[in-house]
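To keep things clear, I will list the structure first and then write my remarks on it.
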Amino acid sequence: DLVDAFAAEVASCWTALRHFAPAMVARGRGSIIAYSGARSASSGERGTRAMSSEAINQMVREFALELEPHGVRVNALAPSGDQGEAALRFLASDVSRHVTGALVVIEPGWSVIRRIEESAGARPDQRT
């Protein structure tokens with residue numbers, strides 16, 4: 001059911017953020033990376049996964065604002081399928097020490113295709 005699926009995805013992210021943040025705040029540094037959905041971020045996909053991904057993205061932004069003064073970064077990664085390993089390593093490393101509150105989307109061009117179709121006047125039901 002929609003409510004249960006949405007609640008499970010959002011609540012599990014919230015629980016993990018609340019669980020790991022205190023130890024990182026105590027250390028004065030850390031990187032939390034939440035999993036989000038690539039398709040919902042760029043393709044206009046709708047439904048439970050899209051709604052929960054957007055809720056997680058907003059949660060990441062809120063936690064990033066809250067934890068940044070304590071040296072803890074919070075970002076979301078939205079890979080397509082099994083892609084995204086390099087982005088995950090980047091976000092977890094000190095190389096990304098100035099990146100927080102970001103949604104890193106790894107996708108095969110859905111956002112570009114959508115914009116091209118929209119500019120050509122294609123209706124949503126005619127999209128490929």
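The values are calculated or read from the model by the stated rules, or taken from the named source; none is laboratory data. Nothing here was measured: the structure is a model prediction, and the numbers come from that model. Glycine also receives a Cβ, built like all others from the backbone with ideal geometry; neighbour counts cover every protein chain displayed. Each accessible area value is taken on the protein alone, full model and side chains, heavy atoms only, with ligands, DNA and RNA left out. Shrake-Rupley method; radii C 1.70, N 1.55, O 1.52, S 1.80 Å.
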(request) Could you order Thr15, Thr48 by accessible surface area, starting with the largest, using a probe radius of 1.4 Å? (result) Thr15, Thr48
(message) Can you sort Leu17, Leu65, Leu2 by solvent-accessible area, 1.4 Å probe, largest first?
(response) Leu65, Leu2, Leu17
(message) For the pair Ile106/Phe90, report the inter-label distance in nm, with labels modelled 7 Å from Cα in the Cβ direction.
(response) 1.0 nm
(request) Provide the solvent-accessible area of Arg29, counting protein heavy atoms only and rolling a 1.4 Å probe, rounded to the nearest 10 Å². (result) 130 Å²
